[in-house]
Amino acid sequence: MSPGTWIAFALAYSLMALAPGPVVLLVVSHAVAHGRRTAGAVVAATVLGDAACLVAAVGGVGAILAASALAFTVLKLAGAAYLVFLGVKLWRAPPVPVAATAPAGSLWRVFVHAFLTAVLNPKSILFFMVFVPQFLDTKSPLPPQLAAMAASILICGVLVDGGYTVFAASLRRFIRAPGAQGVVNRLAGGTLIAEGAIAAVSRGLVL
């Protein structure tokens, strides 16, 4: 992969990552509630989830989903149900003191939830399936190109989601009132529930 192609891929992925969606909501809500450390676990999980979707798409999973209506529907409903589940958890989450951080043991649960949010998103796999071939050189070996794309995802994903984390964490000191935290949780939770519900009934890629 040439430097120019690598830069083009990195920029295109960054634009996708910048778009508000479930990942951004999770990053912002965890940064506001628990600070940068917990949000960092979300960032790490989601970029690794996107990298896994890249590998799955190149490995043929995306083609299977595109060819099988049943497989795509099952994954779409699973992703939609998981978004609703996370939305309900956020909606019901109690306010926490601004100075508090999440217990160390809960970071693993946060990581797993965020990773599953990324990999259960059928749009991600299908996006990479359509997106990646535009940047591949069919005359060059695939593994180095795949490694370069995965590196782009890890670097750009950390920078983009990390930026959201820093911004959201900086708001913590302004959101000291439990009522204000409750509003943030309900806005994020309600949006996730709505996205999950829309995804479940939609025929297209809305996740």
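Listing for the model above:
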{"quantity": "In the range 1-43, the residues that are of a type in the set (S, T, N, Q) and either in contact with a Cys (Cβ under 7 Å, 6 or more places away or on another chain) or loosely packed, with under 15 Cβ neighbours inside 10 Å (or both)", "calculated": "Ser2, Ser14"}
{"quantity": "Count of the range 133-153 residues which are more than 15 Å from Ala8 (Cα to Cα) and either touching a residue at least 24 places away in the same chain (Cβ under 8 Å) or not in a helix (DSSP H, G or I) (or both)", "calculated": "6"}
{"quantity": "Members of the range 26-38 found to be of a type outside the set (Val, Ile, Thr) and under 12 Å from the mean Cα position of the chain (by Cα), listed by number", "calculated": "Leu26"}
{"quantity": "In the range 1-45, the residues that are within 15 Å of Ala148 (Cα to Cα) and either part of a loop (DSSP other than H, G, I, E, B) or among the basic types (Lys, Arg) (or both)", "calculated": "Met1, Ser2"}
{"quantity": "Neighbours by Cβ (under 6 Å, 6+ apart or cross-chain): first from the range 1-15, more than 17 Å from Cys53 (Cα to Cα); second assigned to a helix (DSSP H, G or I) and among the aromatic types (Phe, Trp, Tyr)", "calculated": "Thr5/Phe135"}
{"quantity": "Filter result (modelled with pLDDT under 65, touching a helix residue (DSSP H, G or I) at 6+ places or on another chain (Cβ under 7 Å) and either of a type outside the set (A, V, I, L, M, F, W, C) or outside any loop (DSSP other than H, G, I, E, B) (or both)) within the range 92-121", "calculated": "Pro95, Thr101"}
{"quantity": "Any hit, the range 170-180, residues being surrounded by 13 or more Cβ atoms within 10 Å (Cβ to Cβ), modelled with pLDDT of 75 or more and not in a loop (DSSP other than H, G, I, E, B)", "calculated": "no"}
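The values are calculated or read from the model by the stated rules, or taken from the named source; none is laboratory data. On a predicted model such as this, the values are computed, not experimentally measured, just so you know. We place every Cβ from the backbone using ideal geometry, glycine too, and count neighbours over all the protein chains shown.
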